[in-house]
Amino acid sequence: MKPLNNIKMKQLKGISFHPSGKVLNDKTGKELKITEKGRFIWKGKSHNLAKYLLLTFKGIEVRNGRIVHLDGNKANFTINNIRYASLQKKSLKPSENDLKNLLKIYFVLPVEFSLKDVFSFRLALSIIAESQLFSQKYKTMENIEIFREYIQYTECPSIRAISQKHGITIRDGQNIINYFLMKLIEETQKNTKHLKIEKSTFLILSKKKIKQSGNFKSRNYEL
């Protein structure tokens, strides 16, 4: 497992982390002592081992939050045995206007359009995400698969169902989805600022009609 390059890691220059949970002094090759609370001392400062392992090998930024040892052994710091109790720090929730403005970049929305029309809303999100190559850009980011499932318009799984499938709390699921929605809004606004997009008329179609036609991307939805 290859360590990631990160600015935060440069503050710990002179030591190396191992996926088994060990910390080594690069100069002497000696292993640093890990306290009962899972901390190590470097240059007079105490650091949380688990959080720096997650930063090093999974690119998860050091943040506030409790660490969970999946096997229950608090002395086992192997990288696949540790994670934050909360998978995603609380993310700003996009407002209804934020989401509608995102859709309006690509579509002329009918007056009766509502975000409560889950099928139409997620269909629009999936088209925008595909156009922005969103999944490809964030394919290495943790939890991107949860957002991919959220924008599936054929089944429209609930956040509860997605969370249960991945063994996470509903709050974590909501925070993850909010995080990627805000990223999609930000990316789309940035990438389309200087582009002229020919808007498509967004038709509200039922899942039943779409399935009967056998055509999930009708002419009206093409970009």
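List the residues, sorted by chain then number, that are 5 or more residues from W42 or on another chain and whose placed amide H is less than 5 Å from its amide H.
Residues meeting the amide H criterion: H47.
What do the square roots of 5 times the Cα gyration tensor eigenvalues come to for region 101-192, in whole Å, largest first, as semi-axes of the equivalent ellipsoid?
22, 17, 10
Would you calculate the convex hull of the Cα atoms in region 8-147 and tell me its volume per residue in Å³?
On the way: hull volume 20.8 nm³, N = 140.
Normalising the Cα hull of region 8-147 by residue number yields 149 Å³.
Which of the pairs K90/K116; K58/K100; K93/K190; K22/K74 have their Cα atoms more than 25 Å apart in this structure?
Long pairs (Cα-Cα over 25 Å): K58/K100.
Whole-Hz ³J(HN,Hα) for each residue in region 107-120, computed from phi via Karplus 6.51 cos²θ - 1.76 cosθ + 1.60 with θ = phi - 60°, x for glycine and proline: what do you get?
10, 8, 7, x, 4, 7, 4, 9, 5, 6, 7, 4, 4, 5
Go through region 12-27 residue by residue and turn each phi into a ³J(HN,Hα) via Karplus (6.51, -1.76, 1.60, θ = phi - 60°); whole Hz please, and just put x for glycine and proline.
10, 4, x, 10, 10, 9, 10, x, 6, x, 8, 10, 10, 6, 4, 6
Per Stokes-Einstein, at 4 °C and 1.567 mPa s, what whole-number D in µm² s⁻¹ belongs to region 7-84, with the Kirkwood radius over Cα pairs as the hydrodynamic radius?
Rounded, D is 102 µm²/s.
Where a number appears in this text, it was derived from the coordinates with a stated rule and is not lab data. Note that this is a predicted model, so its numbers are computed, not measured.
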